[in-house]
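First comes the structure, then the notes that go with it.
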Amino acid sequence: MGVLASLFRRDPRRATVDAAYARIVARAREPAFYTGWGVPDTVDGRFELLALHAFLVLHRLRGQGAAASDFAQALFDTLFADMDRGLREMGAGDLGVGRHVKDMAKAFYGRITVYERGLVDDKALVAGLGRNLFGTVEPTEPLLASAADYLKRQVAALQAQPLTRLLAGEVDFAPMADG
């Protein structure tokens, strides 16, 4: 295959990455997060929920070999391409978009660090969720405990899923609440 042909070749992984990303977005947009939990229904609140659910999937893919690593990178790239597109739709100028996306990526990496630490330290998890997910609102202790439980249940549910399903774009989150 020539160089020119390779430029127009469709990435066979694109559809599966898009499917996985669509499931992440669908879960992050569940009304219960905004109405039941009180996560602010703002650009920041939506970013936080998207970051949380992207973290969950990326956490599951970590350390699972080259195919999972490649898929995780493609998923990350899709996430930030979508953020770039969203900023442009909101009217951010070309010069500002790059800076905003860079700031969002830095914030996302911070969330990953906080949530990874929180998976082994309950106090750190509750503090991180309160600071990040709820941001400008003051969640109750039971709500923070519920959010921490939710995150841990999602980690377990994704861990129980075969890697082949995840790499096929079939991300199945656990139900919102126990039971």
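How big is D, in µm² s⁻¹, for region 12-167 by Stokes-Einstein at 20 °C and 1.002 mPa s if Rh is the Kirkwood radius over C-alpha pairs? Spell out each step's value before the answer.
Details: Rh = 16.2 Å.
So the translational diffusion coefficient is about 132 µm²/s.
What ranking of Arg153, Arg62 emerges when the number of other C-beta atoms within 10 Å of each C-beta is taken as an exposure proxy, fewest first?
Fewest-to-most Cβ neighbours within 10 Å comes out as Arg62, Arg153.
Which whole-number percent gives the relative contact order of region 12-167, counting Cα pairs below 8 Å spaced six or more residues apart?
30 percent.
Which distance in Å, rounded to a whole number, links the C-alpha centroids of region 111-155 and region 10-45?
18 Å
Would you mind checking region 132-171 for residues with the amide N under 19 Å from a putative spin-label position 7 Å along Cα→C-beta of Gln73?
Residues 167-169 qualify, since their backbone N sits under 19 Å from the label point.
Using amide H atoms built 1.01 Å from N in the peptide plane, name the residues 5+ places from Ala168, or on other chains, whose amide H lies under 5 Å from its own.
none
What are the ³J(HN,Hα) values, in whole Hz, obtained from phi via the Karplus relation 6.51 cos²θ - 1.76 cosθ + 1.60 with θ = phi - 60°, for each residue of region 56-70 in sequence order, with x given for Gly and Pro?
Values, residue by residue: 4, 6, 4, 4, 5, 7, 4, x, 9, x, 5, 4, 5, 5, 4 Hz.
Using θ = phi - 60° and the Karplus relation 6.51 cos²θ - 1.76 cosθ + 1.60, list the HN-Hα couplings for region 115-127 in order, rounded to whole Hz, with x at every Gly or Pro.
With the stated coefficients, region 115-127 comes to 6, 4, 4, x, 5, 10, 9, 4, 5, 5, 5, 4, 5 Hz.
If the chain between Asp44 and Ala177 were fully stretched, how many nm would it gain, using 0.36 nm times the residue separation less the Cα-Cα distance? Write down the numbers at each step before the final one.
Numbers: separation 133, 0.36 × 133 = 47.88 nm, distance 2.34 nm.
Full-extension gain reported as 45.5 nm.
What are the lysines whose alpha-carbon lies under 20 Å from the alpha-carbon of Lys123, with same-chain residues fewer than 8 places away excluded?
Output for Lys123: Lys152.
So for each of 105-114, 74-83 I average, over its residues, the number of other beta carbons within 10 Å; can you give me the resulting order with the highest mean first? List each step's numbers first, then the result.
Values: 105-114: 14.6, 74-83: 16.8.
Packing proxy ranking, top to bottom: 74-83, 105-114.
Values in this text are rule-based calculations from the coordinates and carry no lab data. Everything numeric here is computed off the predicted structure, so don't read it as measured data. Heads up, the Cβs are rebuilt from the backbone with ideal geometry, glycines too, and the neighbour counts pull from every protein chain shown.
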